[in-house]
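See below for the structure under consideration.
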Amino acid sequence: MDLRSLTIATVRQGLLARTFSAVELTREALRFAEAENSSTNAYLRFSPERALHTAARVDERIARGEDPGPLAGVPVAVKDVILTEGVRTTCGSRLLADYIPPYDATAITRLEQAGGVILGKTNCDEFAMGSSNENSAFGPVRNPLDPHRVPGGSSGGSAAALAQGTASLALGSDTGGSVRQPASFCGVVGVTPTYGRVSRYGLTAFASSLDHIGPMARTVRDAAILLGVIAGRDPLDATSAEAPVPDYTKALDGNVNGLKLGLPREYLKDLTSETGDLISAGVETLRRLGCEVRDISLPATGYAVACYYIIATAEASSNLARYDGVRYTFRSRASGTLSGMYRNTRGEGFGAECKRRIMLGTYVLSKGYYDAYYLKAQKVRALIARDFARAFTEVDAIVAPVSPFPAFKLGEKVDDPLQMYLSDIYTITGDLAGIPCMSVPCGKTAAGLPVGLQILARHFDEPNMFRLADAFERAGPIN
Amino acid sequence: MKLTEQEVRYVAGLANLSLTDAEVHKFQADLDEILGHIDRLNEIDTAGVEPMAQVLYPAADTATWRDDREVPPLGTGTALANAPQPGAGYFKVPKVIER
């Protein structure tokens, strides 16, 4: 059994044929992941007790002749911004270094009920703010395909664990591309579902009008199955949608003949030549499969980064106000007065990127600037959403790059925050519009660095998004 | 510079964030550059556009009614378990009012 290539289906076969038990597989997966972790720093910690407990429950169900659940025994990595009861959850921040959540996120509850085995918590940019995983208080993650390069961010640990083979499924979170961009950089599948499709109860809030929990996997089918498990209405999250959850695997029929795809010209301007060539080849593949590809325009795209970094930081400055030294583990020693406790706790606890975003968000919301920045950005957001709505009257889905370039070197962009923000250009639009979008592997550069193809679809049209991604995956790698 | 050092210190005060002098200067330069990029929003005409505060799709999909049913709360002990300084069933903080 090669742990690196396990899928939901192969684990299920092995369990039902009694080739191995869930407990045996979990022990082996934990041993492998712990041994491999030092080369990437993908996991911040493992949760063996919890993993073995879930695995034992799966084995009991099988012994009783019951269905062990759609994720039975599958090793899962969970980004450390998603709460796990009794298992330390740090959000990659010094502020929460000792925080032990008193409850589980709804996605965690559903994942374990389906038999998924959580091996541990994965590294990420602090409070999910970053595009390289270099903003973690617990050290950067290295890309398993090239240890001198970043895995992308902010769900860098989850993507790296999948690429390294130390997990078969993962959960990430996406506010501006934090699932899709690391999936693209590490050559795995990453899905940002429709806003409201997956409950955010227990996801540490960054920017509430943009935050998503997203499934990550090595195959489109596995990502689709995982989304089916975690999606659906949750009374504990008022923004979770009532819409029924379809069986996404039914869409994986390989038939994309006649689907109309839009290729937005604004997304092809600033690509490196290798990324551009791979995306062109990917589009050719879809055409060969019978899709009708046409040029489209999403004219507000050039304003998306500016719009996003107002809205996301404004919401973050509000959401992160709760880390004040009163409730969440860390309090500065220099806390002689109440206001001093607030200021010093936050000054010592937050890393540079969080402080920068809190400052920007506070500034754009401050007296005299609110209308010029925040209100203006909300109007531009409406125009970005309108661009997509108009495009979707003509096409069934949109294809685009995920990132202008493949994984960059550690330290390469860390001193230039604006350049780092601008690299999110192709992913933040989907979050602003709230539409489902995903990254699917689209070949590798000459240096062996993966490039992802992005597929974006109408609200709640995950089935067509998965149908395209699955057909694309089956067509085989691009050389 | 769009942003003075004094403004940076004022915003840090609003955000309850103690910053070193080095951080003040770094953020002044960073925010200045980012706000320079953000200025491009002035190019786009948004007259008559409704601001989008939340992702919108048909109301049937976002109905937020739920049954008004009691559920057990976390309980004081659990809620206080992560507090840096719990005491007598409360979160303790430094003295707020001097006698």
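I'm trying to understand the selection: among the residues of the stretch A:63-79, which are surrounded by fewer than 22 Cβ atoms within 10 Å (Cβ to Cβ) and either charged (D, E, K, R) or in contact with a Leu (Cβ under 6 Å, 6 or more places away or on another chain) (or both)?
Hits for the stretch A:63-79 are A:R64, A:E66, A:D67.
Collect the residues in the stretch B:2-31 that are of a type in the set (D, E, K, R) and touching a residue at least 24 places away in the same chain (Cβ under 8 Å), keeping them in residue-number order.
The one that is of a type in the set (D, E, K, R) and touching a residue at least 24 places away in the same chain (Cβ under 8 Å): B:K2.
Would you confirm whether any residue within the stretch A:441-454 is in contact (Cβ under 8 Å) with a residue 40 or more places away in the chain, more than 10 Å from every other protein chain (Cβ to nearest Cβ) and closer than 24 Å to B:R40 by Cα?
no
Quick one: A:R322 ticks every box in (1) closer than 30 Å to B:A83 by Cα; (2) modelled with pLDDT of 95 or more; (3) touching a helix residue (DSSP H, G or I) at 6+ places or on another chain (Cβ under 8 Å); (4) not hydroxyl-bearing (S, T, Y) bar one, so which box is it?
Result: A:R322 passes all but (3).
Which ranges mark the helices (runs of 4 or more DSSP H) fully within the stretch A:375-479 that have 1 or more residues being of a type in the set (A, V, I, L, M) and at pLDDT 95 or above?
Per the criteria, A:376-391, A:425-433, A:462-474.
From the list A:R233, A:R221, pick out the single residue that is surrounded by fewer than 24 Cβ atoms within 10 Å (Cβ to Cβ) and over 30 Å from B:R69 (Cα atoms).
Checking each option against the conditions leaves just A:R221.
Would it be correct to say that A:K367 is within 14 Å of chain B (Cβ to nearest Cβ), at pLDDT 95 or above, surrounded by fewer than 24 Cβ atoms within 10 Å (Cβ to Cβ) and within 25 Å of B:N42 (Cα to Cα)?
no
Just checking, how many residues over the stretch A:416-433 are within 12 Å of another protein chain (Cβ to nearest Cβ), over 14 Å from the mean Cα position of the chain (by Cα) and touching a residue at least 40 places away in the same chain (Cβ under 8 Å)?
7
Considering only residues that are in a strand (DSSP E or B) and over 18 Å from A:N464 (Cβ atoms), which ones fall in the stretch A:199-226?
Of everything in the stretch A:199-226, those that are in a strand (DSSP E or B) and over 18 Å from A:N464 (Cβ atoms) turn out to be A:L203, A:H212, A:I213, A:M216, A:A217.
Would it be correct to say that A:A377 is surrounded by fewer than 20 Cβ atoms within 10 Å (Cβ to Cβ), within 11 Å of chain B (Cβ to nearest Cβ) and in contact (Cβ under 8 Å) with a residue 60 or more places away in the chain?
Considered against the rule, which asks whether it is surrounded by fewer than 20 Cβ atoms within 10 Å (Cβ to Cβ), within 11 Å of chain B (Cβ to nearest Cβ) and in contact (Cβ under 8 Å) with a residue 60 or more places away in the chain, A:A377 comes out as no.
Answer with yes or no whether A:A55 is out of contact with any helix residue (DSSP H, G or I) (no Cβ under 9 Å at 6 or more places or on another chain) and in a helix (DSSP H, G or I).
Answer is no for this residue.
Any idea which residue in the stretch A:8-57 is farthest from A:P75 (Cα to Cα), counting only those that are acidic (D, E) and loosely packed, with under 15 Cβ neighbours inside 10 Å?
Step by step, filter the stretch A:8-57, then rank; the result is A:E49.
Just a yes or no: is a residue in the stretch B:48-58 at pLDDT 95 or above, loosely packed, with under 10 Cβ neighbours inside 10 Å and either among the β-branched types (V, I, T) or on the phi > 0 side of the Ramachandran plot (or both)?
yes
Being farther than 23 Å from A:I384 by Cβ and at pLDDT 95 or above narrows it down to one residue among A:R180, A:R221; which is it?
After ruling out the rest, the residue left standing is A:R221.
The values are calculated or read from the model by the stated rules, or taken from the named source; none is laboratory data. Predicted, not measured: the structure shown is a model, and the values here were computed from it. Here Cβ is always computed from backbone atoms with ideal geometry, including for glycine, and neighbour counts include all displayed protein chains.
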